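Note sheet for the following structure.
The values are calculated or read from the model by the stated rules, or taken from the named source; none is laboratory data. What you see is a predicted model, and the numbers here were worked out from it, not measured in a lab. With ideal geometry, Cβ positions are generated from the backbone for all residues, glycine too; neighbour counts draw on all protein chains shown. Heads up: the accessible areas ignore ligands, DNA and RNA and are worked out on the full protein's heavy atoms, side chains in. Shrake-Rupley method; radii C 1.70, N 1.55, O 1.52, S 1.80 Å.
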Amino acid sequence: MKAVNPNFAKFLACTALVVGLSASASASCGDSMSAMAAEAASIRSQSHPTHPDSASPGDSDDSSIVGLWHIQFLVGTQTIQEAYQLWNVGGTEVHNPNVDPRSGNVCLGVWKRNASGGTYKLAHRVWNYDTNGTFMGTINLSETVSLAHHGTTHSGSFTLDFYDPSGNLVVEVAGSVVAERISVQ
């Protein structure tokens, strides 16, 4: 019996992994955004949105937002979602919310640094489907955040806009975000 070439075996394993991952790629990142909106709606009547204190002058420095962050989305004082966010050098961002991964828990965004230095704007554009696979429209998540504590934290505001398939705004959810940088210990 002929031995299997190790490179060919690696190729087959890689192919099996890609096929396996693509089989579950039909899940919707919109489900996690919809869950955020539902949680926000359930507490909206209980409190008014508040925003954390912005960074005081000198509290921020020239640190970059690039890196891995643990972020919390708040309406009032209640957390409606937490996530890991990876802000990449090229102006892209990966958002991994703490939701069931079977519903699609990885979202993609783009960001840019404002002229003010320590302030950043983030935009997500998400296709939204219901559990039956029916297209429900799009969801836009926007964040404006400022670095603080020498680049180890950031805070700011978010809006979550839901649009129907024709592009009409259905609902907007607003709140605040707070985050801590994840560093190698």
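Data for the structure
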{"item": "Relative contact order [Cα under 8 Å, 6+ residues apart], region 64-185, whole percent", "result": "22 percent"}
{"item": "Relative contact order (percent, whole number), region 62-123, Cα cutoff 8 Å, 6+ residue spacing", "result": "23 percent"}
{"item": "Accessible area (Å², 1.4 Å probe, nearest 10) - Asp130", "result": "50 Å²"}
{"item": "Over region 93-137, relative contact order from alpha-carbon pairs under 8 Å, at least 6 apart, %", "result": "25 percent"}
{"item": "Amide N of region 137-160 lying under 18 Å from the label point, which is placed 7 angstrom from the Cα of Arg125 along Cα→Cβ", "result": "137-143, 159-160"}
{"item": "Charge tally in the Cβ shell below 13 Å around Trp69, where Lys, Arg are +1 and Asp, Glu are -1, Trp69 excluded", "result": "-3"}
{"item": "Length gained when the stretch Thr134-Val89 is fully extended (0.36 nm per residue, less Cα-Cα span)", "result": "12.7 nm"}
{"item": "Distance between modelled label sites at Ser103 and Asn168, nm, 7 Å Cα→Cβ extension", "result": "2.6 nm"}
{"item": "Calculated from backbone phi, Karplus (6.51, -1.76, 1.60) coupling profile of region 114-127 in Hz, x at Gly/Pro", "result": "6, 4, 5, x, x, 10, 10, 10, 10, 9, 10, 10, 10, 7"}
{"item": "Using a Förster distance of 30 Å, the FRET efficiency for Thr159-Gln185 (Cβ separation, nearest 0.05)", "result": "0.30"}
